[in-house]
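Take a look at the structure below.
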Amino acid sequence: TVAFCFQQAVVDRDMKFTDVFVGYPDRCHDASIWKSRLVRGAITNNLIRFPPECHLLGDKAYSLDMIIWVLYADNRFLTAEQLKYNNIHSSTRVFVKQAFRILNIIYLAVSFVSDVFHLVASLVSLP
């Protein structure tokens, strides 16, 4: 059986994971998990130096705050600036999606190698 495990991560533009949360073996709302995260408190209380020109990007599940910037809701009446912001926001968030895809590929490769190793070990008796 496969258990669902919530993932939340901070990924930089080089697709490096700088913070990862894996937990809550059930479905939870992204924003409620973010509010309970230690990294959020550390950034808010200046325990982690977070450059003022940098921001975390969230999807529509998050609410706008000083740390996380979200998309404008597309109500079909967005200004040109809002549309441009949404476009830049979405294209930048692609790094996060790509980083998770790469992580998933690595996980699948390691799982495959592990399965092959166990299969070979079960077929060959070692002294």
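The values are calculated or read from the model by the stated rules, or taken from the named source; none is laboratory data. Quick caveat, the model's predicted, so the values are computed rather than measured. In this analysis, Cβ positions are derived from the backbone assuming ideal geometry, glycine residues included, and neighbour counts consider all displayed protein chains. In case anyone asks, the SASA skips ligands and DNA or RNA and just uses the protein heavy atoms, side chains included. Shrake-Rupley method; radii C 1.70, N 1.55, O 1.52, S 1.80 Å.
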Looking at the stretch 84-104, can you tell me whether even one residue there is closer than 17 Å to GLN7 by Cα and in contact with a helix residue (DSSP H, G or I) (Cβ under 6 Å, 6 or more places away or on another chain)?
no
Tell me yes or no: at least one residue of the stretch 67-78 is assigned to a loop (DSSP other than H, G, I, E, B), among the charged types (D, E, K, R), in contact with a helix residue (DSSP H, G or I) (Cβ under 9 Å, 6 or more places away or on another chain) and without any contact (Cβ under 8 Å) to a residue 24 or more places away in the chain.
yes
SER32 under 20 Å from GLN7 (Cα atoms) and part of a loop (DSSP other than H, G, I, E, B):
no
With respect to VAL10, is the statement that it is part of a strand (DSSP E or B), closer than 24 Å to ASN104 by Cβ and at pLDDT 80 or above true?
yes
So which residues in the stretch 79-94 are hydrophobic (A, V, I, L, M, F, W, C) and either over 15 Å from HIS55 (Cβ atoms) or in contact (Cβ under 8 Å) with a residue 12 or more places away in the chain (or both), if there are any at all?
ALA80, LEU83, VAL94
So how many residues does the stretch 49-66 have that are in a strand (DSSP E or B) and open to solvent by 70 Å² or more (accessible area, probe 1.4 Å)?
0
So which of LEU119, LEU78, LEU64 is at pLDDT 85 or above and out of contact with any strand residue (DSSP E or B) (no Cβ under 9 Å at 6 or more places or on another chain)?
LEU78
Across the stretch 25-47, what is the number of residues that are of a type in the set (A, V, I, L, M, F, W, C) and open to solvent by 70 Å² or more (accessible area, probe 1.4 Å)?
2
